[in-house]
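As structure tokens, the structure follows; a few thoughts come after it.
The values are calculated or read from the model by the stated rules, or taken from the named source; none is laboratory data. Fair warning: this is a prediction, and the values are worked out from it, not measured in the lab. Note that we place each Cβ from the backbone using ideal geometry, even for glycine, and neighbour counts take in every protein chain shown.
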């Protein structure tokens, strides 16, 4: 029990410094069929720090929530581009 409390006291301060998740919307090009969102979602989920991805085929967008300490918007756009779907940050 004592070991558990020591571990807990060590870890809790680190949790206080964890970055607040960030959510961005990407405009995604080349989405031409209903299977494209599956490829885009998988490519974004492979980026370290990404927690959720929602693709809107009709609007041609991807809403991505990620840990800004682990991922960047550049990494997200690069992931979709590498999958064949160039994207840009939605204004």
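Take the conditions under 21 Å from residue 90 (Cβ atoms), assigned to a helix (DSSP H, G or I) and either in contact with a helix residue (DSSP H, G or I) (Cβ under 6 Å, 6 or more places away or on another chain) or at pLDDT below 95 (or both) and apply them to residue 14. Does it pass? Against the criterion (under 21 Å from residue 90 (Cβ atoms), assigned to a helix (DSSP H, G or I) and either in contact with a helix residue (DSSP H, G or I) (Cβ under 6 Å, 6 or more places away or on another chain) or at pLDDT below 95 (or both)), residue 14 does not qualify.
Residue by residue through the range 60-81, note down the ones that are within 14 Å of residue 37 (Cα to Cα) and part of a helix (DSSP H, G or I).
79, 80, 81
In the range 53-70, the residue that is surrounded by the fewest Cβ atoms within 10 Å (Cβ to Cβ) out of those that are touching a helix residue (DSSP H, G or I) at 6+ places or on another chain (Cβ under 9 Å) and under 23 Å from residue 20 (Cβ atoms) is 54.
Please work out if residue 79 is crowded, with 16+ Cβ neighbours inside 10 Å, over 11 Å from the mean Cα position of the chain (by Cα) and at pLDDT 95 or above.
Details: crowded, with 16+ Cβ neighbours inside 10 Å: yes; over 11 Å from the mean Cα position of the chain (by Cα): no; at pLDDT 95 or above: yes.
Taking the combined requirement at face value, the residue does not satisfy it.
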